[in-house]
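Comments concern the structure below.
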Amino acid sequence: MNMSDNLTHRFVVIEGPIGVGKTSLARRLAEVWNAELVLEQADTNPFLERFYRDPVAAALPAQLHFLFQRTQQLSNLRQADLFAPVRVADYLLEKDRLFARVTLDEAEFALYEQVYARMVVDPPKPDLVIYLQAPVDVLLERIGRRRIKAEQLIERAYLEKLNEAYARFFHDYEAAPTLIVNAATLDPLSSDADFNELLGAIRRMRKGKLYFNPLRHAAI
């Protein structure tokens, strides 16, 4: 039997700040569920490394490139077969505005908002969002470990602002059931036990918000 046959969620989105492990988790879930994988393509953004080197000068083109790319990708998804198998994505379109708010100045953000209003038309809604949380120290360690050249330029202050913005966003987010995972103490990527425990939480998730931090992982 296909592992996705008894899964009620047909479109699952993994979210969280840079370095938290959302793409790796999306890949593992898609493999287990035999699901279609929908990944943002940061490595194709020609402005991203420029942004990490000089955020003030390159923030707007980097952000607009991501907006155009994501809206096109999700538009194609929307037009695809509605009865397609489970899909797993490593981004939520709404997070595009979250990044824009953090990186752009007031005039740039006003321009971005005008473009966003014209570009974004009824994106597909996830059945479940999995929000991975981790402290900045953990994010920096993981970013350093995976050795992506452009990411080595990321400054701690930027990650701190981003983490705070994510926390505010998901505090108010009600568009889909949300599973909030402590990704600092839970390791669903390297630990099969943690991954299976997370799978169980996903299958039980129906509505509202659930904070997933099993007691056996909690600090004593």
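The values are calculated or read from the model by the stated rules, or taken from the named source; none is laboratory data. Quick caveat: nothing in here was measured; it's all calculated off a predicted structure. We place every Cβ from the backbone using ideal geometry, glycine too, and count neighbours over all the protein chains shown.
Kindly indicate the residue of the stretch 53-85 that is among the aromatic types (Phe, Trp, Tyr) and either surrounded by fewer than 18 Cβ atoms within 10 Å (Cβ to Cβ) or more than 24 Å from ILE18 (Cβ to Cβ) (or both) and also modelled with the lowest pLDDT among those meeting that condition. Taking the candidates together, the pick is PHE83. Condition check for VAL20 on (1) assigned to a helix (DSSP H, G or I); (2) buried (at least 16 other Cβ atoms within 10 Å of the Cβ); (3) touching a helix residue (DSSP H, G or I) at 6+ places or on another chain (Cβ under 8 Å): one failure, at (1). Set side by side, the residues ALA183, ALA167, ALA176, ALA157 differ, and just one is exposed (fewer than 14 other Cβ atoms within 10 Å of the Cβ), in contact (Cβ under 8 Å) with a residue 24 or more places away in the chain and not basic (Lys, Arg), which is ALA167.
Cβ-Cβ contacts under 8 Å between residues 6 or more apart (or on different chains), taken from a first residue in the stretch 207-219 that is loosely packed, with under 10 Cβ neighbours inside 10 Å to a second residue that is hydroxyl-bearing (Ser, Thr, Tyr) and modelled with pLDDT of 60 or more, are listed as GLY208/THR178; ALA218/THR185; ALA219/THR185. GLN72 passes every criterion in (1) touching a Lys or Arg at 6+ places or on another chain (Cβ under 9 Å); (2) free of Cβ contacts under 8 Å to residues at least 60 places away in the same chain apart from (1). Which residue out of ALA35, ALA26 is surrounded by 16 or more Cβ atoms within 10 Å (Cβ to Cβ), out of contact with any Ser or Thr (no Cβ under 7 Å at 6 or more places or on another chain) and in contact (Cβ under 8 Å) with a residue 24 or more places away in the chain? Exactly one of ALA35, ALA26 is surrounded by 16 or more Cβ atoms within 10 Å (Cβ to Cβ), out of contact with any Ser or Thr (no Cβ under 7 Å at 6 or more places or on another chain) and in contact (Cβ under 8 Å) with a residue 24 or more places away in the chain, namely ALA26. Whether any residue in the stretch 1-15 is at pLDDT 90 or above, part of a loop (DSSP other than H, G, I, E, B) and not hydrophobic (A, V, I, L, M, F, W, C) is what I want to check. No, the conditions are met nowhere in the stretch 1-15. Residue pairs whose Cβ atoms lie under 7 Å apart, separated by 6 or more positions or on different chains, with the first residue in the stretch 100-120 and under 21 Å from ARG156 (Cβ atoms) and the second assigned to a helix (DSSP H, G or I) and of a type in the set (Gly, Ala, Ser), are ARG101/ALA165; VAL102/ALA165; THR103/ALA59; LEU104/ALA59.
Condition first: among the hydroxyl-bearing types (Ser, Thr, Tyr) and in contact with a Lys or Arg (Cβ under 9 Å, 6 or more places away or on another chain). Now tell me which residues in the stretch 176-190 satisfy that.
Going residue by residue through the stretch 176-190, those that are among the hydroxyl-bearing types (Ser, Thr, Tyr) are 178, 185, 190.
Passing the criteria: only THR178.
Is there a residue being touching a residue at least 60 places away in the same chain (Cβ under 8 Å), among the polar types (S, T, N, Q) and either closer than 21 Å to SER24 by Cβ or surrounded by 15 or more Cβ atoms within 10 Å (Cβ to Cβ) (or both) anywhere in the stretch 125-135? Talk me through it step by step, then tell me what you get.
Of the stretch 125-135, the ones touching a residue at least 60 places away in the same chain (Cβ under 8 Å) are 125-134.
Imposing the further condition that a residue be among the polar types (S, T, N, Q) reduces the set to 133.
From the residues that got through so far, the ones that are either closer than 21 Å to SER24 by Cβ or surrounded by 15 or more Cβ atoms within 10 Å (Cβ to Cβ) (or both) too are 133.
Yes, the stretch 125-135 contains a residue that is touching a residue at least 60 places away in the same chain (Cβ under 8 Å), among the polar types (S, T, N, Q) and either closer than 21 Å to SER24 by Cβ or surrounded by 15 or more Cβ atoms within 10 Å (Cβ to Cβ) (or both).
What do you reckon, is ALA26 outside any loop (DSSP other than H, G, I, E, B), over 15 Å from the mean Cα position of the chain (by Cα) and not β-branched (Val, Ile, Thr)? No: the conditions fail for ALA26.
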